[in-house]
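Worksheet for the structure shown next.
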Amino acid sequence: MRLTAQLAGVECQCILVTGSSISVLHKSVFDAMPNLTLKKTSVQARTASHSELPLLGRTVVPVDIAGVKSTVPFFVSEAIDAPCLLGVDFLQHCPCVIDLRSKQLFVTPAEAVRSVSAHAVTVGDVCLYADCAVAPGTEMMLNGFVRNSRLPWSRPH
């Protein structure tokens, strides 16, 4: 999913990559951002094909997407083919809802998240009643239903 964001005041085309556990900026984008520092990192990253992704360091960037502001940690690399890759760590810092049907990302202010607890997490009409963990590079399918819907695939299983 592609989106435009303001990263430290610089307009940037970003790709949301839910298969990546980290967010990565291309070095040329980092160089265009004023007043950011690059800190050394010992993190070793790999691409989807398991080849090494060399990282030059780590930084923290103020992000503005559709008027919702957040501060997000990024790694910096010259070895990516996009200006900015937003991994699942981005989703922890910038609350949003991904609508796969319409291929849209709805960024929501943090106060729009209704509740977060050990037993239930709800955002809008989506509810997960159990803790679950997904290893990096894997996907998980969860059976579920949409309340008050007449669609056949939305019935409880």
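Worth pointing out:
- Near LEU56: Cβ cut-off under 15 Å, other residues only, Lys/Arg at +1 and Asp/Glu at -1. The net charge is +1.
- Long-range amide H partners of VAL72 with built H, under 5 Å: VAL61, VAL63
- Cross-link partners of LYS27 among lysines (Cα-Cα below 20 Å; sequence separation of 8 or more within a chain): LYS39, LYS40
- Computed label-point distance, nm, for sites ASP89 and GLN6 using a 7 Å Cα→Cβ extension: 2.5
- Gained length - ILE15 relative to ARG101, 0.36 nm times residue gap less alpha-carbon distance: 29.2 nm
- A probe of 1.4 angstrom, applied to the heavy atoms of all protein chains, finds ILE15 with accessible area near 40 square angstrom.
- Cα-projected label distance for MET33 with THR71, points at 7 Å along beta-carbon direction, nm: 1.3
The values are calculated or read from the model by the stated rules, or taken from the named source; none is laboratory data. Predicted model only: the values in this text are computed from it and were never measured. For neighbour counting, all protein chains shown are included, and Cβ atoms are generated from backbone atoms with ideal geometry for every residue, glycine included. Side chains included, ligands, DNA and RNA excluded: accessible areas come from the protein's heavy atoms. Shrake-Rupley method; radii C 1.70, N 1.55, O 1.52, S 1.80 Å.
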